[in-house]
Amino acid sequence: MKTSELTGAALDWAVANCESVEIIVRQENWDWYSSSWEQGGPIIERERIEIGAHEPKDIEWVARDYWRENTMTGPTPLIAAMRCYVASKLGDDIEIPEELK
């Protein structure tokens, strides 16, 4: 799956994979990295991910890694940043569990 298209549980699973956190895939609502600043915020700070908007009126957010090698967008700053983090660690295309597709 393209990292730029990851959302919800699939994005959270990918971030957990980068963090070397073992998770059990469930169909429940998750409150993890892509929806919780308590989870995702420390990663953004540690990895020095930059977050901004394309234009003041644009609803898309953009995130860049410290070395500016990976740039991702998303509907929220946290989603854009977590996509950027996954891209920097795992690349632009990743394998995710079938139940998360």
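The values are calculated or read from the model by the stated rules, or taken from the named source; none is laboratory data. Note that the coordinates shown come from a computational prediction; the quantities given were computed from them, not determined experimentally. Reconstructed Cβ throughout: ideal geometry from the backbone, glycine too, with neighbour counts over all protein chains shown. These area figures cover heavy atoms from the full protein model, side chains too; ligands, DNA and RNA do not enter into them. Shrake-Rupley method; radii C 1.70, N 1.55, O 1.52, S 1.80 Å.
Laid out as a table, the results:
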quantity: Counted residues, region 73-100 - those being within 11 Å of L6 (Cα to Cα) and buried (at least 20 other Cβ atoms within 10 Å of the Cβ); calculated: 8
quantity: Pairs, first outside any helix (DSSP H, G or I) in region 1-19, second open to solvent by less than 70 Å² (accessible area, probe 1.4 Å) and of a type in the set (A, V, I, L, M), C-beta under 7 Å, six or more apart; calculated: M1/A10; M1/I94; M1/I96; L6/A14; L6/V86; T7/I79
quantity: When residues of region 22-53 are limited to those that are open to solvent by less than 60 Å² (accessible area, probe 1.4 Å) and farther than 14 Å from A80 by Cα, the one modelled with the lowest pLDDT; calculated: W30
quantity: Every residue from region 40-88 that is assigned to a helix (DSSP H, G or I) and either touching a Leu at 6+ places or on another chain (Cβ under 9 Å) or in contact (Cβ under 8 Å) with a residue 60 or more places away in the chain (or both); calculated: G40, G41, I44, I79, M82, R83, Y85, V86, A87
